[in-house]
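The values are calculated or read from the model by the stated rules, or taken from the named source; none is laboratory data. Keep in mind it's a predicted model, so treat the numbers as computed, not measured. Because the Cβ atoms are built from the backbone with ideal geometry, glycine has one as well, and the counts that use them run over all protein chains shown. Remember, those area values only see protein heavy atoms, side chains included, never the ligands or the DNA or RNA. Shrake-Rupley method; radii C 1.70, N 1.55, O 1.52, S 1.80 Å.
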Amino acid sequence: MAARAYDGGMNAPTAISAAPRLDVLPRDLSAYRAGNTGVPYVHRFESGQPGPNVLVNALTHGNEFCGMVAACDLLDRGVRPRIGTLTVSFANVAAYESFDAARPFDSRQLVHNLNRVWSPEWLDGPDDSPELRRARELRPVVAAADVLLDLHSTSQDVVPFWVYPGFARNGALAQAVGLPAVHLVMPGGLGSGTPVIQFGSFGEPDGTGIGLVAECGQHFLQATADTARAVTQRFLAQLGLIDADPAWAAPAPPRRYELLRTVVIRTPDFAFTRPCIGFETFAEGELIATDGPDEIRAPCANCTILMPARVVVPGREGVYLARPLD
């Protein structure tokens, strides 16, 4: 079913401009295609010293350019790890290359959401798509990583935030890195598929893998790309792969939220009850949205919503419902 754009009516959230500000546009990535691992667009640099294998992953979604900017920055500057191994990957380049400035949100994916297929059911299943082929190609790269930074951005211009499974090891690293200062903790996983940060050891309570998503801001803004570069530098410095900058500010106290439910859109009539871009709060029991005959109500006091859908697509996520922890 085709996506229905919100029309700005009484029950619609704030509409996204048909022509958002495009500060950052795609660049030609063909120079990075060969890589050095046998997997296209994957580069690995070993220090020869003990330390973690850190994977910086960009372009899980094709129109989230901030990760591309941060990954290119590492490669263009010839950054090499002091300890351990640094791996840099560009994930969904096929979707990235489909970008059309007249329809800038459409290059998120070609068929499947590459960040929801990291389960045995999808990776070992019979289905096929460009995203599934790429996930299967990247599987050994992700499996080899000890620590994963997956760089993302949002359709709306909201404060940057971390997203991670609710394991102490993830929260400790996110807090130590410090930027962003907002955390979305997933104690029960995402609930609408398996993202890469829940793959294998990353998703196991007794696993050792540390996996974090950094949502760095609105897709096409220069500030978002700047945030992605800053997050990446601090992340690598915290793990000892590069030197920290003494001018960096100390981490701010975190503002944490716990994911309670991921609402998946069921009908073309899904609509919010008031304009939403993310981080709006609702009283316990207050109506947040309707989905045909179904009502989505706040399950707790000060219920905070994140990632409200920009367009209505049945089968895709409509909104995250969370509660403040701090």
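Enter the angle in degrees (range 0 to 90, nearest 10) between the Cα long axis of helix 130-144 and the first principal axis of the Cα atoms of the chain, meaning the one along which they spread out most.
Computed tilt is about 50 degrees.
Counting only heavy atoms of the protein chains, get the accessible area per residue of region 281-325 (1.4 Å probe) and round it to a whole Å² value.
On a per-residue basis, region 281-325 sits at 40 Å².
Using a simple spin-label model with points 7 Å from Cα along the Cα→Cβ vector, what separation in nm is obtained for ASP23 and THR267?
4.0
For the modelled label position 7 Å from the Cα of GLN49 along Cα-to-Cβ, which residues of region 213-254 have backbone nitrogen atoms closer than 19 Å?
Answer for this model: 233-246.
Around GLY62, with a cut-off of 13 angstrom between Cβ atoms, what is the net charge of the other residues, counting Lys and Arg +1 and Asp and Glu -1?
In short, -2.
Enter the Cα centre distance for the pair region 301-321 and region 227-257, rounded to the nearest angstrom.
When both Cα centres are located, 29 Å separates them.
Specify the angular offset, from 0 to 90 degrees and rounded to the nearest 10, of the alpha carbon long axis of helix 168-177 from the longest principal axis of the alpha carbons in the chain.
Taking the Cα atoms of the chain, the angle to 168-177 is about 80 degrees.
Using the heavy atoms of the protein chains and a 1.4 angstrom probe, tell me the accessible area per residue for region 40-134 in square angstrom.
So region 40-134 comes to 38 Å² accessible per residue, rounded to a whole number.
Just for the chain, what percent of DSSP beta bridges are antiparallel, to the closest 5? Display every interim value, and only then the final one.
Working: 28 of 54 bridges.
Once the DSSP bridges in the chain are tallied, antiparallel ones form about 50 percent.
Looking only at HIS61, HIS112, HIS183, which one moves most when the chain is put into a Gaussian network model with springs between Cα atoms under 10 Å?
Most flexible of the set in this elastic network: HIS112.
How high is the relative contact order of the chain, in percent, counting Cα pairs under 8 Å that sit 6 or more residues apart?
20
Carbon and sulfur: what percent of the chain's accessible surface (1.4 Å probe)? Can you show the working numbers first?
Values: 6920 of 13500 Å².
Percent of accessible area from carbon and sulfur atoms in the chain: 51.
Please compute the contact order of region 224-326 in relative form: average sequence separation of alpha-carbon pairs under 8 Å and at least six residues apart, divided by the residue count, as a percent.
30
Going toward the positive end of the dipole of region 103-161, with +1 on Lys and Arg Cβ and -1 on Asp and Glu Cβ, which of VAL142, TRP122, PRO104 do you reach last?
The Cα lying farthest towards the positive end belongs to PRO104.
Debye sum, Cα scatterers, region 159-227, no solvent: what log₁₀ I/I(0) at q = 0.13, 0.15, 0.22 1/Å?
Summing over Cα pairs of region 159-227 leads to -0.37, -0.48, -0.92.
Short version: what are the Cα gyration tensor semi-axes of region 176-285, square root of 5 times each eigenvalue, largest first, in whole Å?
29, 20, 14
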